[in-house]
Each structure stands twice: as structure tokens, then as C-alpha cells.
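*Asks:* I have a structure here, written as C-alpha cells, and I will follow up with some questions on it.
The values are calculated or read from the model by the stated rules, or taken from the named source; none is laboratory data. Quick caveat: nothing in here was measured; it's all calculated off a predicted structure. Here the Cβ positions follow ideal geometry from the backbone for every residue, glycine too, while neighbour counts run over all protein chains shown.
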Amino acid sequence: MTTMTIAQALRRIKKNKGRVAELKARATQSVSYEAGKKPVFDFKALRENLSKTKEELIRLEAAVTVANANARILFEGRDMPLAEAVRRLQELKDDMSWLPQLNVREGVERVADYEFDPEKERQIRVTRETVWASELSELERVSEIDSLRDRFERLNDLVEQANHRTEVAPT
């Protein structure tokens, strides 16, 4: 294999993963067949092609891992390996997904309900009040999400730049 950038290797990895799924599906359909009715695709040839594709996939993923460990970027005043930056992107994405799901409740909530009053021998309307306090206000949450998005975009730009200039050398 020739030298390529991380970005090129990642595209090739994605392509190979799709190819593996495709080859497995064809092989699954070709493994058994009615005697005398050979399938369109040869099972043994598919298995050989699958093995070669997986081997390239493993080597590419390993080469990207090594390149990510050795390449460095500067983010928010910190020099860090690209591998750390990629993990930070995953965590930022997770936080951006989690924060909007929090049930932030503040203020007084009134809920009307009916219950049986034994003295009056009938259903009566009862209003219950719940006073909610929150450790995170809605304004704080929106501000924090905006800040996370900004950090994500800045870090992602740096990672993409590094991916396009850092070479990998699959073995």
C-alpha cells in the first residue's frame, strides 16, 4: 500500500467496511444451494476477497491509530495528540446530545386533579402545587450548549486540517 493522508485512509476504511458487509451478504446467500444450481457468486472466491479486504481494513485502522497517536495539534493552549482530540470530539458530541435531554424545571407547577372526598361523598377538584428548583437554568443550558458547539467546531476544524496533512503508512 502507498502512503496516504489520514483523511484518505478514513475514506478507504469506510469504503472497505461497506465492502465487507456486501461480501458477507453475498457469501451468506452462496454458502448453500440446491445441487446443480450453482449460485451467481462463488462462496470460496467471496471468502478470499473478504479476507483480503479485512486485512487491508485492519492495516489501515492500525496505521490511522499510530498516526493519531503521533500527530499533535494545539487546542485552547494545549498541545495534544490527535488521538486525544478525536476522543474529545466524541465527548463534546455526547455532551451536546445529553444536555438538551435534561428535564430542567423551575418555578411553581400547578396540577389540577380529582379525588374522592368521603365527607362530601363525591369527587372534588384539588389543585396541587409543586415548587421546582433546578441546578441548571434554561438560559445556562442554552449558553452551555452554544459553548460546546463552538468548541466542537474549533476542535473539529483542527482535526480535519491534521487529517489532510498527516500521512499514514499502512504496513
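*Asks:* Going by the conditions given, is residue 59 of a type in the set (Lys, Arg) and touching a Pro at 6+ places or on another chain (Cβ under 6 Å)?
*Replies:* yes
*Asks:* Please specify each residue of the range 128-162 satisfying the condition of being touching a residue at least 40 places away in the same chain (Cβ under 8 Å) and aliphatic (A, V, I, L, M).
*Replies:* Once the filter is applied, which keeps residues that are touching a residue at least 40 places away in the same chain (Cβ under 8 Å) and aliphatic (A, V, I, L, M), the range 128-162 yields 145, 148, 155, 158, 159, 162.
*Asks:* Then there is this: Right, residue 61: more than 21 Å from the chain's Cα centre (by Cα) and not aliphatic (A, V, I, L, M) or not?
*Replies:* It is false that residue 61 is more than 21 Å from the chain's Cα centre (by Cα) and not aliphatic (A, V, I, L, M).
*Asks:* Please work out which residue is surrounded by the fewest Cβ atoms within 10 Å (Cβ to Cβ), limiting yourself to the range 123-160 and to residues that are part of a helix (DSSP H, G or I) and touching a strand residue (DSSP E or B) at 6+ places or on another chain (Cβ under 8 Å).
*Replies:* Of everything passing the filter in the range 123-160, 154 is surrounded by the fewest Cβ atoms within 10 Å (Cβ to Cβ).
*Asks:* Oh, and also: Pull up the range 94-109, narrow it to residues that are out of contact with any helix residue (DSSP H, G or I) (no Cβ under 9 Å at 6 or more places or on another chain) and within 29 Å of residue 128 (Cβ to Cβ), then point me to the one that is modelled with the highest pLDDT.
*Replies:* Once the filter is applied, the top-ranked residue is 101.
*Asks:* Report yes if residue 29 is under 23 Å from residue 83 (Cα atoms), in a helix (DSSP H, G or I) and not hydroxyl-bearing (Ser, Thr, Tyr), otherwise no.
*Replies:* When the stated conditions are applied, residue 29 does not pass them.
*Asks:* Could you tell me whether residue 87 is of a type in the set (Lys, Arg), closer than 15 Å to residue 12 by Cβ and assigned to a helix (DSSP H, G or I)?
*Replies:* So residue 87 does not fit the description; no.
*Asks:* Can you tell me which of (1) within 30 Å of residue 3 (Cβ to Cβ); (2) in a helix (DSSP H, G or I) is the one residue 74 doesn't meet?
*Replies:* The number of the failed condition is (2).
*Asks:* Kindly indicate which of 27, 45, 67 is in contact with a Phe, Trp or Tyr (Cβ under 9 Å, 6 or more places away or on another chain) and either basic (Lys, Arg) or surrounded by 13 or more Cβ atoms within 10 Å (Cβ to Cβ) (or both).
*Replies:* Of 27, 45, 67, the one residue that is in contact with a Phe, Trp or Tyr (Cβ under 9 Å, 6 or more places away or on another chain) and either basic (Lys, Arg) or surrounded by 13 or more Cβ atoms within 10 Å (Cβ to Cβ) (or both) is 27.
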